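Written out below as structure tokens is the structure these notes cover.
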Amino acid sequence: MAQVFLSILALLGSVGLFTLGSGLLGTLLGVRMTLDGFDPQVTGLVMAAFFVGLMVGAMEAGRVIRRAGHIRAFAVFAACATAAVLLHGLFVSVWVWALLRVITGFAAAGIYMVIESWLNERSSAANRGRVFSVYQVVSYLGLGTGQFLLFAADPATTELFMITAGLFALCLIPVAMTRGLHPSPPESHGMALRPALTESPLGVVACIGAGMVNGAVFALTPVFALEAGLGLAGVSLLMGAIIFGGFLLQWPIGHLSDNFGRRGVMAIVNLSVAVAAVALVFSAELTLPVLMGVGALFGGLSFTLYPLAVAHTNDQIKVRDFVTISAALLFLWGLGSAVGPVLAGQVMGRVGNTGLFLFVAVIALGVALAAWQMRRESVAPEDQEPFVVMARTTPVASELDPRYDEEAAREAAEQQARADAETAAAELWDEVVVAEAEAEAEADAATKPTATGDAGPQDGDEDTTPPPRRD
């Protein structure tokens with residue numbers, strides 16, 4: 001196992017540097033737009049553009065990797081992210097920043113896809129769970145630590161954008177220097193949206209709701225903190241508490257969901273998120289340590305919403321192709337993440353900074369009610385799929401999930417291919433039979449006039465034969 005971790009150390013270093021810059025950039029933009037006097041509705045729109053790019057990249061970045069290879073594709077994505085960050089500092093424009101956020105999101109999806117496919121290649125069924133856990137730990141540490149880089153310079157200047165660009169550029173070095181063999185290009189996976197919608201409607205609702213909550217919180221919490229008078233220190237500490245709290249509480253809540261009914265735990269956790277969101281509104285008037293404590297509790301609860309939704313969906317569907325289901329659920333989460341900041345920004349523009357967590361409370365309460373109302377036959381705890389902390393990056397991360405069975409997925413794909421071939425053959429045979437029947441009918445129709453003409457006049461028919469000519 002030690003040899004495996006040594007082989008992926010460079011990849012983990014790149015992940016750490018990139019998430020460090022990502023954590024700083026997300027908070028920096030919210031702070032900068034607030035300091036520049038942008039309305040929360042506008043800030044929410046710009047911040048939501050990142051998730052649009054992330055969704056598109058999760059579906060399309062694989063083409064770049066398959067064409068250019070992992071290292072060159074990683075360089076392309078890192079260069080795009082670096083250039084986009086630097087351009088943020090040159091053009092203070094809503095539409096320019098929105099476009100740059102789309103580019104950054106696309107580049108981020110590509111970087112995650114390169115790293116995740118590489119990690120999947122270096123791991124095996126015996127150690128995939130541990131590799132996935134270490135990857136998640138490094139990602140959360142990078143995102144959380146990046147919040148405190150906000151102290152490195154004045155956010156009203158371009159220096160923090162330059163620091164972020166430097167981190168994005170540096171993340172290329174460990175990957176470029178690796179001596180390991182390049183992994184095979186990532187496969188193109190479809191999205192099993194229909195099975196998710198028909199077999200697990202609660203999972204679909206929960207994924208969209210989790211995306212709306214997570215997207216709104218990541219995008220607009222800095223705006224909430226600044227307008228509450230917490231200052232830059234309060235922004236960094238609150239965001240750091242939410243992220244680190246989300247990291248620490250996922251495993252305990254996941255353990256509860258594995259040993260009790262998943263739907264009941266989902267309802268309770270969503271209800272608790274709503275309560276914690278309301279508590280954050282009132283904690284802003286109290287001391288910063290109290291606010292951080294409530295923020296850590298909120299983060300711990302809200303970050304489990306998506307993994308719980310995925311686990312519930314897999315309990316209900318019971319399909320072998322885990323990746324296509326995860327791709328569909330990730331798409332739904334991304335859809336919610338793109339919509340959440342926009343709607344939350346609208347609410348904040350009407351009721352003030354407290355509108356962010358009031359919006360979150362309403363969404364979480366709605367999912368809790370859905371979990372209570374959408375009652376199906378519950379899956380027994382011993383039959384449930386195990387809870388796993390999920391990466392909200394690309395479908396390739398699903399292949400690192402310890403629940404993913406590569407041989408079973410290959411067998412399912414082969415069975416599906418055989419079923420498709422049999423269906424196509426049956427349709428072709430039906431077309432041949434129909435064509436032969438039509439040809440026989442046309443042949444019969446063509447011979448009938450000739451047969452009638454050769455038979456001569458029949459009884460009851462008028463004889464039209466002219467009389468013989470007399471000379």
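Taking the options Ser326, Ser378, name whichever one is among the polar types (S, T, N, Q), at pLDDT below 60 and either assigned to a loop (DSSP other than H, G, I, E, B) or crowded, with 20+ Cβ neighbours inside 10 Å (or both). If you could, list the steps in order and put the result at the bottom.
Details: Ser326 fails: at pLDDT below 60.
Exactly one of Ser326, Ser378 is among the polar types (S, T, N, Q), at pLDDT below 60 and either assigned to a loop (DSSP other than H, G, I, E, B) or crowded, with 20+ Cβ neighbours inside 10 Å (or both), namely Ser378.
Given the conditions (1) in contact with a Ser or Thr (Cβ under 8 Å, 6 or more places away or on another chain); (2) farther than 18 Å from Ala364 by Cα; (3) in contact (Cβ under 8 Å) with a residue 12 or more places away in the chain, which single one is not true for Leu249?
Of the numbered conditions (1) in contact with a Ser or Thr (Cβ under 8 Å, 6 or more places away or on another chain); (2) farther than 18 Å from Ala364 by Cα; (3) in contact (Cβ under 8 Å) with a residue 12 or more places away in the chain, the odd one out for Leu249 is (2).
Surrounded by fewer than 23 Cβ atoms within 10 Å (Cβ to Cβ) and among the aliphatic types (A, V, I, L, M): is that true of Leu24 in this structure?
no
Step by step: first the residues of segment 271-289, then only those that are over 25 Å from the mean Cα position of the chain (by Cα) and among the polar types (S, T, N, Q), then the one that is farthest from Thr354 (Cα to Cα). Which residue is that?
Checked segment 271-289; the qualifying residue farthest from Thr354 (Cα to Cα) is Thr287.
Given the criteria over 17 Å from the mean Cα position of the chain (by Cα), crowded, with 18+ Cβ neighbours inside 10 Å and assigned to a helix (DSSP H, G or I), does Gln136 qualify?
So Gln136 does not fit the description; no.
Quick check, is Arg122 of a type in the set (Lys, Arg), in contact (Cβ under 8 Å) with a residue 24 or more places away in the chain, closer than 23 Å to Gly53 by Cα and buried (at least 17 other Cβ atoms within 10 Å of the Cβ)? Break it down into steps so the answer makes sense when it comes.
Working: of a type in the set (Lys, Arg): yes; in contact (Cβ under 8 Å) with a residue 24 or more places away in the chain: yes; closer than 23 Å to Gly53 by Cα: no; buried (at least 17 other Cβ atoms within 10 Å of the Cβ): yes.
Answer is no for this residue.
For segment 263-279, state whether one or more residues are in contact with a His (Cβ under 8 Å, 6 or more places away or on another chain), in a helix (DSSP H, G or I) and either of a type in the set (D, E, K, R) or farther than 20 Å from Leu237 by Cα (or both). Let's see the steps before the verdict.
Of all residues in segment 263-279, those in contact with a His (Cβ under 8 Å, 6 or more places away or on another chain) come to 263, 266.
Filter once more, keeping what is in a helix (DSSP H, G or I): 263, 266.
So of that shortlist, the ones also either of a type in the set (D, E, K, R) or farther than 20 Å from Leu237 by Cα (or both) come out as 263, 266.
The answer is yes, given that some residue of segment 263-279 is in contact with a His (Cβ under 8 Å, 6 or more places away or on another chain), in a helix (DSSP H, G or I) and either of a type in the set (D, E, K, R) or farther than 20 Å from Leu237 by Cα (or both).
Take the residues of segment 340-369 that are more than 24 Å from Ile268 (Cα to Cα) and among the β-branched types (Val, Ile, Thr): which is surrounded by the most Cβ atoms within 10 Å (Cβ to Cβ)?
The extreme case among them is Val347.
The values are calculated or read from the model by the stated rules, or taken from the named source; none is laboratory data. None of these values were measured; they are calculated from a predicted model. FYI the Cβ positions are ideal-geometry reconstructions off the backbone, even for glycines, and counts take in every protein chain you see.
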